[in-house]
Every structure is written in structure tokens, then in C-alpha cells.
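No value in this document is a laboratory result; all are computed from the given coordinates. Here the structure is a predicted model, which means the values were calculated and not measured. All Cβ positions, even for glycine, are placed from backbone atoms using ideal geometry, and neighbour counts span all protein chains on display.
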Amino acid sequence: MGDAVRRVLLAEDDRFLRKAAETALKRHGFTVVAAVDGEEALRLARAAPPDLVLLDLIMPRMQGFEVLRALKADPATAPIPVVILSNLGQDGDMKQAMDAGAAGYFVKANLSLQDLVKRVGELVAERA
Amino acid sequence: MMEAFLSHPIPLGEQGFRQEIWETRQPVFSDDVYSDPRFNFELFRTFRHQSGLVLPLLLDDSVAGAFYFAWWKAKKVFTRRELELAENVAAQVTMVLRHARLFERADREWRQLQVLFDALDREGAREHGFHACLGVPLQIQGQILGCLNVYAKVRRKFSPEDISLLSVLGDQAALAIHKAQLYEETRAQKEEATKLYGITAHLATTLDVDSVLDQVVAKTIDLLGCDASAVYVHDEARGGLVVRRGRHLDPAIVRDLVLKPGEGVAGRAYQERRPVSTADRLADPALRYQTDHDRLIQSAPRAYLAVPVSVRDEVLGVLVCYYFAAHQFSAKEAQLLSSLAAHAAIAMDNARHHQAVMLQQNRLSQIFDATSDGMLLVSPAGRVETANRRAGDLLAIKASDLVGNELTEVLAWHRAEGADYRRMFSALRSLVQHQEDAAEGDLELRSLKRILHWVSQPTRDRAGEHCGYTLTFHDVTHEREVSQMKSDFVSFVTHQLRTPLAGIKWMLELAAQEPEVPADAASYIGDAREADPAPDHARERAARHLPAGARQAHGVDPAGGSRDHDPRGARGDRRPRAGAPASGLRLHRGSPAPRGARRRAAAPPGGHEPGLERDQVHPGRRGHRGPVRAGRRHAALVHPRQRHRHPALFPGAAVREVLPGREREHARDRGHRPRVLPRAPDHGAARRPRLVRVGGGRGLDLPLHAAARGARRVTSGRRVLLGDRVAGILEG
């Protein structure tokens, strides 16, 4: 982990998952900004671009794919790596996300918090 | 008897022993004439007899005829003496023949001299004051054409020089006359050839058999100068030969006459397959007609010449020319009529083949248009040659408008965007370039919201040469929609199952990291984290009930095996053509990839790397890594009896299963649920059958299937029942 504090935007509508991921990331030194729906995630990302976005796909008010496309369409937020964190695991979903510009795709059910933190750290370090 | 013999002349040119006589000039003998193929002609069939001897009549070192001896009943055996006697008789006959010929020659020359004598016309010359006359014959190739005379009004004698000079002039005149005759013959032949060519040209321009036959009968009258003509064909329904086309005949004959084979001149020509004629039917006793034809025959012409209309040894009918008065037919007329009959045969044969082809084409066309699949026949250059109605329906283009267009243009009309068009074009170009291979794929017509499954098969001609390909389209829109709906449903259910379980899992992971957790609680947490959440189990059950398409969409092999095996490879009839992205036109790769080729290095724990295939999704379950090669999907499909082969998937499994897997499945299908028999009656017996205690003495009640899949320590050893069968033993 680098010296600079890294800022992660976590867009997750499920309260337990959001809390668990936020806690794990904070324990490892990340600054976590949480959003409970797509619109909020987009607003927060535009207001203060994070170093990385962890984005759920199925969320109220605005779906994750819409958020992803909006982020990549905006020159201010386009460089931010967006990692999909979803329980949708079909090839089509993954391909759609990668085509839209996602930097990674994690299936939550198959991922431990430890692994999540590790991968987020790697991606943030790569960007730095 | 003799009259009957004389009315049946032996056609030597058609007899079996003809060649033998002409070549060897030796007698031909048979003691069984009726069954001897050398004697197979009408005379011997009419006057049946037992033995026969044919002797050649040799005149001036050539065979001038034959002398025939017949024995009605005796199987004759000749002695040398008898044979010499017969040959002497034949020699006498030959002498008679020689004398007859000499007499005939003398008579001809006498008549020629008479002509010369008459030409001198001495009385006429005297009346004009001529006293001297010299005449020379106009002769060429031994034939007298006329004579050339010179006269003088004074009495004189002609010198040998005068005679010689006039002879030369006569020869010149004869030659000029002969040339004029040859020219006239040539002109007539040219006229015949022109008329025959007219028929031939007409044959090439029409397949209407009646039109050609009308030409034939008209030209017959024109060329032969006869009074009427007709073409007869065999009519199965009316049981004989009927007039197909006729000219200048009594309409009653054309309409009502039905000749049996062998009846009349036409019937004989049809039956005997040779030209038959009669100079005058009223004086021809050999002609026979049915009595009910008498009325019709009364109005018939008198002289007939009939030739068979045949092609490839099959007689299709008869061409007849008629004269209303008696007429002696020449060999030239028979030859000319045969030429016309050959034209009629070609016309009828062509028409017959054309009708057969049209019938076949009509049937194929009806099948082609009635099939539920769209079909395109495409040329090697990629141009649509034929399209059926269904193809037009599926592509939303009139079938007739498809024909003549490039296939790529046709499909490009439906392109949704440039990228799709390029992909589609690329795939089709590959199809055109490798059209000798079979291929198949899906074609998504976005403008029509339709998905067509297409199959391409090369088309070959009779010589086996590639001559294009056939594209078959089948509308699979509904099938694909249903499959997608099922896939989406399962995806949604899986998502809803995974989300709370992932939350519990992550919360337990956080709890396990707390430093102040009591040992018991830490143990509970550890056990709970090691217990596999339900999705795999749910997937396994879903896999058993989902259709193949949905199973594939969720990473479960429809055949129940590894996805590394491509089931299409077993068909062996689809070879790889080209690859294309998922949208637009997709080409399947027919050859299965080598086993293991699709396996890649394991993805990051729990993660899914971009571009990797589903097979590479790592199970992400603690303790299940390492030996697991093909991912979680395989774990979900491992048969219970095969679990010993996958120890890492079932660490510390405490259930020893004794009921075979198939029976266990049947028991579950019948509604039985696992239940555990208590070791001994106790207070919790009513509740325990559905739960087992794991985790050592501190114990944690879990459903039986969860314990069976993941428990390390089982506190009690008891029998597990499925229905009335023992499914396993819980070993403490």
C-alpha cells in the first residue's frame, strides 16, 4: 500500500455487503465513499473523482451498467478504473461490462473480503 | 401355294443367311428352320416347314440370287450326291438367269436402235427436201440419252471423218445433257435438304410436339408430292395406333381409326420396324384390316408408304404418306420419308423428355416452395440463383427479388450498424471462399427482430464438381427468446441467492478477524465459513431440471460432462469455417478444441479476468483449490460415488454412502427426504431426523445435506435413510 491515502467509491445497495466491504477496505487504509444507488454513485464520482469505483450492477434508481457508461462518457471520470462487484456471473454480463470499459469484474459470492482488498490495492497501485 | 410364295418375296437383304451366302458363296442348310435364327423372316413363319437349303446363284463371279429347297416335315440329311444334284439344279437356274439378263439387254438395245431409227424420221426429211442424213447416238456411261442428226439436201455419202466429227459433237452434247440432268438432281436435292433443314430448325425452336409433327406431315406432302400424310402414335388407352397429326385425310379416319400392331400398312411398319408400302391397297391381298374398319377404309387413299418413327430401338409411331391413286413407291421416296420420320422421332423424344423434366421440376418446385425452411441456391460467385417462398418470408424480401442478387447484398439490406455489417460480410466472404465446406451459424436480422439459423451445404454436379452451395434458413427467434428468458430467470434467481449468502460470508470473515472473539464463537464462525453456501447445490439441482440451452448459459454441460468436450464435434459433419463475434452472423467452430486447450491459469481468487471463459472461474471456496482443475461447475456435477476421486472437494467427509447414486436420485424424485435414525430413543428424537450435529462436542445442528457436504467432525454415527433405504452412515 502506498503512502498516499487512496479513495474508493463503493456503490452497493445491499446494506450488509456495503458495510462489510467498507469495513474491510477501511481497515486496510482506504478511504471509502459509499453510495446506496446508481444516481448517488454517479453524483459522488463527479463531485470528487475517486481513485477507484467498486460498482454493483443491480441497484435502485440507476443500474450499474448505466452508471458505468455515464462515467466512461464523461471525460472527467473516464480515467477512473471501475471494477464491477456483482453477483451476476453470466458471460454476457461480463462481456457487456468489459466492453463498456470496466477494469475488472468480481463475483461477490466467489470472493473473500481479503481477496477483494488485495485486488483493489493492486488496481489502485497500478493506476498510481 | 406358288402364288402365295410369289406374293411373299424373300427380302434377301434382311435374311440371317445373307451375309453367309455373300461371303462364303456356300450353301446354307438347316434341318430345323422354324427355330433357326438364320431363317427368321416372315416367309418361313408363314409357311412353316422342317428343313431348308439355300444355294447361291453365282453369275459372273457375283451372287445374283438364291435358290431355295424346302422339306415340309422331314429332318433332311444330305448325301454328297444329293448336294451335288441340288448344286447342279442351282447352276441351271443360274444359266436361265443369265439368259434372261442377256435377253433383257438385247431388248433394251433394240429399243434404243428403234429410237435412233425413229429419230432419223426419213419421211419427214424427204418432205423438207433432204436426201442425206447422218445420226449418232447421244450416249454417256452406256446409257442412250437421244441422238444427233445432220441432213443434206444433196445426195452424198458421209466419210469416216464426218462420222467421227459428228460422234465427237454427239459426245459433247451427251455430256452437256448429262450435266444438266445432274444439275437438276442437285438442285432437287438442295431443295429437299433445305426443307429438311427447315424442320430441323423448327425442332430447335419449339418443344411443342404437335407443332413439329404438323411441320413434318406438311413437308412430307411437299417433298414427296403425295396427296396426304399422317403420323400415328400408339395410344395405350385406345389400344392401338391412332392418328396424332394428319393432313388431307378423311376426318373420320383421323378421329376414329385405331390400328392394331400388324394391321394395315402402318400397323405392319410399327410391328416389323421397317418401311412397308402398298402400291394399291385394293389389289394387295397381304393387307388385312379388322372388319369394323371396312367403312373407314373405303374412304382411305389407295397407295401407302409407312416408315417407323423410332429412336434408340424404341418405336414411337409411324409416318405414312398416301396417294389417292395407285402409286409405285421408289427407294428414294422411302429414304426421304425415313429422313422425315427421323425428325418426327427427335421431336417426339424431345417432347417426351421435356414433359418428364417439367413434371419433375414441378414436383420439386412444389416441395421447394412448401418446405418450412427457407432455401437459397447460391452460385460459386455468391449470386442467388433460386429462392423459395419461405426464404423470402424469412428475409422479408420477395423470393423473386432475391434471385440474381449477391448474397452479401441481400443480407446487408438488414444490417443494423456498420460493425455488424462488416462482421457479417467477413463471415460471408469466408463462406464464399470456403464454400466446399459445410457450415452453420446464426444470422441476427435486427431490423426484423429475427434470428435465423443457417446451414450451408456445398452443391455438386453429376461429375462431383462443386457448383455452388445451398443455404437453408430456419427461424429460431422463438427458441432463442425462450432460452434467453430461462437463462435470465436462472441468472436472477442465482443473484438473489448469492447476495444474502455473500453478505453472511463477508460478515463472518469480518467477525473472524475480531481479536476478542471467544473460542467457542470463533469455532462456530470457522465452521460456518467452511460450510459452503448454497449456490453450488442450487446450481446442481437446477442443472437437472433446466433445458440444455439454459444449462449451457449457466456453465453446466447439457450432456452432463465437461464443457471441454464440444458435443458438436461428435456429429462430425460441421467443419470450422470462420469465427465471428456474438452479434450479427456467428460461425460455429465445428472441430472440438483439444482437451485442456481451453483451460487457462486459474483466475485471481474469486475474480473473473476479462476475456477469460466461464470454465476458468475459480471456485473461490476455501480448501477447494489446488487439485480442482476445471472449476466449480465440475464440482457441482461430481457423482457421489466419484467423490473419492476429488478429495479436495469433500474434505473430511463424514458420510459413508451405501445407497447407489441412481437409487438415491429416484428416492428423492419420489419425494423422500433424508432422515437420520437415532442411535437410541431420546428426547430430541422427533426433531433430530432432519438435523445432524457437527463440530465436535460443542455441536452445531445443520441440515443433513450441509453436513454431508462439508462437516469435518460428526458427533454421532447413525444411519441416514432415504425412504426405506439406508442412504448412508454418519460416522462420529
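The table below gives the values:
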| read-out | value |
| --- | --- |
| Centroid-to-centroid separation of the stretch B:124-167 and the stretch B:248-291 [C-alpha atoms, Å] | 54 |
| Spin-label pair B:Q496/B:A132, simplified geometry with 7 Å Cα→Cβ offset, distance in nm | 14.5 |
| The stretch B:57-74 versus the stretch B:302-329: alpha-carbon centroid distance in Å | 32 |
| Long-range amide H partners of B:N405 with built H, under 5 Å | B:V384 |
| Order of B:R312, B:R273, B:R281 - criterion: other Cβ atoms within 10 Å of each residue's Cβ, fewest first | B:R312, B:R273, B:R281 |
| Order of B:L55, B:L113 under a 10 Å beta carbon neighbour criterion, fewest first | B:L113, B:L55 |
| Theoretical gain in end-to-end length, B:H178 to B:Q360 [0.36 nm per residue, Cα-Cα removed] | 59.7 nm |
| Ranked B:C467, B:C321, B:C147, B:C226, criterion: other C-beta atoms within 10 Å, fewest first | B:C467, B:C147, B:C226, B:C321 |
| Per-residue average of Cβ from other chains inside 10 Å of B:502-512 | 6 |
| Rounded FRET efficiency, nearest 0.05, which uses the C-beta distance separating B:K157 from B:A204 and R0 of 51 Å | 0.15 |
| Sequence ranges B:353-363, B:389-399, ranked by mean other-Cβ count within 10 angstrom, highest first | B:389-399, B:353-363 |
| Most mobile listed residue (A:A11, A:A41, A:A70) in chain A, GNM with C-alpha springs under 10 Å | A:A70 |
| Sites B:Q50 and B:L169 - FRET efficiency at Förster radius 56 Å, r taken between beta-carbons, to 0.05 | 0.30 |
| Per-residue mean of C-beta atoms belonging to partner chains within 10 Å, peptide A:84-92 | 6 |
| Kirkwood hydrodynamic radius over Cα pairs of the stretch B:206-357, then Stokes diffusion coefficient at 10 °C and 1.306 mPa s, in µm²/s | 105 |
| Whole-percent pair-distance distribution, where bins are 5 Å wide, for the alpha carbons of the stretch B:53-196 | 2, 8, 10, 11, 10, 9, 9, 9, 8, 7, 6, 5, 3, 2, 1, 0 |
| Alpha carbon centroid spacing (whole Å) that separates the stretch B:473-521 from the stretch A:31-106 | 19 |
| At R0 = 41 Å, FRET efficiency that the Cβ-Cβ distance of B:H99 and B:I297 yields, to 0.05 | 0.40 |
